[in-house]
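*Asks:* Dropping a structure here in structure tokens format, bear with me for questions.
The values are calculated or read from the model by the stated rules, or taken from the named source; none is laboratory data. What you see is a predicted model, and the numbers here were worked out from it, not measured in a lab. Cβ placement follows ideal geometry from the backbone for every residue including glycine, while neighbour counts extend to all protein chains displayed. The protein model used for the area step is the full one, side chains on, heavy atoms only, and it has no ligands, DNA or RNA in it. Shrake-Rupley method; radii C 1.70, N 1.55, O 1.52, S 1.80 Å.
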Amino acid sequence: MFQAGQEVLVVSCEDDPRAAGRTGRIVDEVPPGPLTGGRWTVRGIGLLIGPVLCRTSELRLV
């Protein structure tokens, strides 16, 4: 499980493939639910990449 503010490496991302290989921070205060399809919100990935939704299997702690 991840917590808000943790830095993660985006290994892959179905939502936006440009995010793969970049680092960002978890936004969610609670574990993801049905609204996001069970995916975590990650932001701060890049200047031209907005927040993305990634599954747990697509993320690694830095």
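*Asks:* What is the sum of charges around Leu53, taking Lys and Arg as +1, Asp and Glu as -1, for the other residues whose C-beta is under 11 Å from the C-beta of Leu53? It would help to have the intermediate numbers written out before the result.
*Replies:* Values: positive: Arg39, Arg43, Arg55; negative: Glu14, Asp15, Asp16, Asp28, Glu58.
Net charge in that neighbourhood comes out at -2.
*Asks:* Can you give the direction-averaged projected area of the convex hull of the alpha-carbon atoms in the chain, in nm²? Present the calculation step by step, with values, prior to reporting the outcome.
*Replies:* Working: hull surface 14.4 nm².
Value for the chain: 3.6 nm².
*Asks:* Expressed as a whole percentage, what fraction of the accessible surface of the chain belongs to carbon and sulfur atoms when a 1.4 Å probe is rolled over the protein heavy atoms?
*Replies:* Numbers: 2170 of 3940 Å².
Carbon and sulfur atoms account for 55 percent of the accessible area of the chain.
*Asks:* Mark the label point 7 Å from the Cα of Thr23 along Cα→Cβ and return the residues of segment 44-62 whose backbone N is within less than 19 Å of it.
*Replies:* Those under the cut-off are 44-52, 54, 58-62.
*Asks:* So how do 46-54, 6-14 stack up, highest first, on mean other-Cβ count within 10 Å? Could you put the intermediate results ahead of the total?
*Replies:* Values: 46-54: 15.0, 6-14: 16.6.
Top to bottom by mean Cβ count within 10 Å: 6-14, 46-54.
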